[in-house]
Every structure is written in structure tokens, then in C-alpha cells.
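The values are calculated or read from the model by the stated rules, or taken from the named source; none is laboratory data. Here the structure is a predicted model, which is why all the values come from computation and not from measurement. In this analysis, Cβ positions are derived from the backbone assuming ideal geometry, glycine residues included, and neighbour counts consider all displayed protein chains.
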Amino acid sequence: MESSVHRFLPALHLSVLLILTAALTGYARWGLSYPICGTDEQNYLKIFDWLDSGGVWPISGPGYAGLILELSHWTGWETRSLVIAVAALNSSVILPLGLWLLYRVSLGNAGAAWRCLPWLFTGSYFLGPWLEGRPQQLGMLLVIAGAWRAYRDLQGCGRCGGSFFLLWLLCFGYHALSFVVLTALVFGFWARCFVQGRSGYRVLTTLLLGLAGCLALGTQWYPLIWLDIRTNHIQGIQSSGFFGVLVGVLAGALLIVHGLRRYGNGARLIRSLRAGLSMPLIQGLAVGSTVAALIWQYTWLGRIYQGVNPGDIVWYQGGNILLAMLFLSGLWRIGRESMPGLTFFVESCVILMAFGGVFLALTPWLRDHNWTLRIMTYWTWYAAPLAAWGWSGLPERWRWGLLLLSPLLLAGGLHHVVYAPTWTCQVEG
């Protein structure tokens, strides 16, 4: 009898999760009338209206657009209704199941997977892409699946297998930004294996050929997006100079990686960085860098928050702040206690923070000033296990207090996702 109950509990827990995600989706869409002015989903609805009337648009998610249009052809539904239906299905069923299964497989036990979820759902940086009907919604699941496959392949045999390249190609066809994030992750994983002597230039050549093969399909899948990037997303510098600087930075990074391996400093540097996580100086630098990045980002996006009650801002951003604090706590704990099961998430977070830092530095030359925040939305998926590890190391009273606080922060994050875009509409008239 007891064994049958234990077999039934996982299904019960998953059912509770799906009921909660369905309730959140329904509350946001029908209780709060989501989407309102300014959301990316609203923008995509306008794009589909344009496509339905015979127009051409530089779509950043051709696979997503193709899926919606094909479903419209099969079902006879209006495009607008299908965008909402697919988004609701993803947020209430597909993403929760996919996310939980990936956590379950990568962390090794169900308990560790469940401990990640509260800190994800309290933050608006997770809730926004999770809820919105746009390519990034499913693209984030493709990224973490592809990243996990690449990490396992490189750790096991020093090269990526065919299943990763299929996921890479699928990600490229589905959503441009998700493909860029997955590309950054796989090259970051390769660099780490390279400096430790577990991979080589032949693998790098294979990855570069795979990247070139994907980009070669860009003329068919993204016929206008390259022109759109050059003309509408880069300002203050010619696009050739902008991409030239990026290539120079990448070449410099490759030289550094080569030097670390040649002189045998790579493995020692990684060990030193891991040991340094428990040092107060490193923790202080991490916090200081985070604050500096937030201030820099606010200088470009602060006008959106003009006229908003400061108390509301704290409520809206509370979940994101809590995730960041628990993440730093988890890093500090890893510096003191070994936790090999979190290595994939640590490396992914470091790569994405560095990648987000590049976009942050390039902000003055980009038309849209929220690219770092877009990268952070991907980062939340990898930061949650570290946040759960940091939370589990807190005193019992603190753990229960934060758990009891999480529903309030979830409500704040959800209201932030629904209403923050309207501030942009008010600022821009």
C-alpha cells in the first residue's frame, strides 16, 4: 500500500503544478486582461495582422510564425486566436512540464527540481517570457535542452553529438535570439573544456562549420532580418564597424583561451575561481558589479519608471531581487561545499552574465536598450537551481519566511509583467 502511494505522489505533484500554472495563465489573461498595450505579444499580433494582409516583415521567429500560420490553415481559426491559444498551452502545460523534467534529469532527484520552482515564479524576468505569446516562449526551452545536450557531450567525449546539432538547427529556425544564446553557451562550454585539455581545435572547427551552415540558411529563413538589424538596431556607428569590433573581441577571447591552455594555467585558474567564491572580497565584487550593472541599465531605461510609485517598483522587482540574492548565496555556498550536480548551471550562468555584460557595454550603440534584460530572462532558468541551493543553506526560520513571502512576490511579478509595458506606451504617447 505504501509503495503504491509513493508511486502516485509524483503524478499528484505534477498535477498540482499544472493546475497552478493553468490558474496563473487564466488569471493573467482573463482576470488582468493580458496582453495590454506595449507587450511583445501585442506587437506580434500586429505583425500577424500585417502578414495576413499580404505584407512582409523581418520576423525574428520564422519557425514560430510558420507554426501559427500552419495551424491557422489546418484549423481555420483566426491568427489572433491561435497566438493566444498556443501561448496559453505553452505557459500552462508544455513549459512547466519541460522545465521540471530538465531540472529532474540534470539535478538527479525530484526534490531538488521542486525547490527551484518557487524562486523562478516569483520573478517577472521569468514570468514575462513564460506568459507571452512570442517565439522566445518555447525558444527558451529549446535553448536549455540544447545547452544540456552540448554540455553532456563535451564533458563526456570532448565534442558535440548529432542530437545537439539538430537542436541547434531547430533553434535557429525557430527564434533568432534563442539561437544566439544557445550559440554563446556551447562556445563557452567548449572554451572551458579546451583550457582543461579535454577538447581541441578540431571540435571548434566543427562547431564553426555548424554555425556557418545555420547562417547559410538565413537568406531563406530570415530574408529581411539582417537588413533590419543593420538599419534599425545599430546606431551611432556603421554596422560593419560594429560587427568588426565584435569579431575583434571574439578573436581576443580565443587568444586568451589559447594562452591559458598553452601555458597550463586554465585548470588552475578555474580551481582558483571556484575557491574564491567563498571569499568576502569576491562576494563584494559580485554584489558591486551587479549594482553597477543595474545603475547603468537604469540610466537607459529609467524614464519608463518615471511617475511610478517607488513602493510598487519594489513589489514588482522583489522576486527578481530575491532570485539574485539567493543566487549569490548559492555561489558562496558552492565555494565552501562541493556540489558537482550544479556545475552545468554555474557555467551557464557565468557565460550568460558575461554575454549580458557585452550587450550592456554596447547599449549606447543599440536602438533598443533592453538587450541585457532579455539575456537575463534566459539566465533565470539556470540561476534557479543555484538559488535553491542557497536557500537550502539558510536557517530554517529564514527558509519558511521566504517560502511564505513567495506568493506575494509572485503577485508582484505578475502585475509587473502585465502593467509595466503600459508605462512605455504612456512615455511614448
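Can you say whether Val180 is of a type in the set (Val, Ile, Thr), surrounded by fewer than 22 Cβ atoms within 10 Å (Cβ to Cβ) and under 22 Å from Val350 (Cα atoms), as far as the supplied structure shows? Spelling it out, Val180 is indeed of a type in the set (Val, Ile, Thr), surrounded by fewer than 22 Cβ atoms within 10 Å (Cβ to Cβ) and under 22 Å from Val350 (Cα atoms). Report yes if Val203 is of a type in the set (Val, Ile, Thr) and crowded, with 21+ Cβ neighbours inside 10 Å, otherwise no. When the stated conditions are applied, Val203 does not pass them. Can you name the residue in region 169-212 that is in contact with a Leu (Cβ under 9 Å, 6 or more places away or on another chain) and without any contact (Cβ under 8 Å) to a residue 24 or more places away in the chain and, of all such residues, is farthest from Tyr382 (Cα to Cα)? Of everything passing the filter in region 169-212, Leu204 is farthest from Tyr382 (Cα to Cα). Given the residues Gly244, Gly288, Gly302, which is the only one that is more than 25 Å from Phe187 (Cα to Cα) and either modelled with pLDDT of 65 or more or touching a Phe, Trp or Tyr at 6+ places or on another chain (Cβ under 8 Å) (or both)? Among Gly244, Gly288, Gly302, only Gly288 is more than 25 Å from Phe187 (Cα to Cα) and either modelled with pLDDT of 65 or more or touching a Phe, Trp or Tyr at 6+ places or on another chain (Cβ under 8 Å) (or both). Of the candidates Ser329, Ser338, Ser348, the single residue that is in a helix (DSSP H, G or I) and over 30 Å from Leu250 (Cβ atoms) is Ser329.
Residue count for region 51-81 satisfying the condition of being surrounded by 12 or more Cβ atoms within 10 Å (Cβ to Cβ), without any contact (Cβ under 8 Å) to a residue 12 or more places away in the chain and either in contact with a Lys or Arg (Cβ under 7 Å, 6 or more places away or on another chain) or hydrophobic (A, V, I, L, M, F, W, C) (or both): 1. Report whether or not Gly26 is closer than 17 Å to Leu414 by Cβ, modelled with pLDDT of 90 or more and surrounded by fewer than 19 Cβ atoms within 10 Å (Cβ to Cβ). So Gly26 fits the description; yes.
Taking into account only those residues within region 124-167 that are of a type in the set (Phe, Trp, Tyr) and surrounded by fewer than 24 Cβ atoms within 10 Å (Cβ to Cβ), which is nearest to Ala420 (Cα to Cα)? Ranking the candidates gives Trp148 first.
For the criterion of being within 25 Å of Asn43 (Cβ to Cβ), at pLDDT 80 or above and part of a helix (DSSP H, G or I), Leu414 passes. Restricted to helices (runs of 4 or more DSSP H) entirely inside region 52-124, those with at least 1 residues that are over 28 Å from Gly31 (Cα atoms) are 62-75, 95-107, 110-121. Identify all residues within region 35-51 that are touching a Phe, Trp or Tyr at 6+ places or on another chain (Cβ under 9 Å), assigned to a loop (DSSP other than H, G, I, E, B) and within 14 Å of Arg134 (Cα to Cα); write none if there are none. Passing the criteria: only Gly38.
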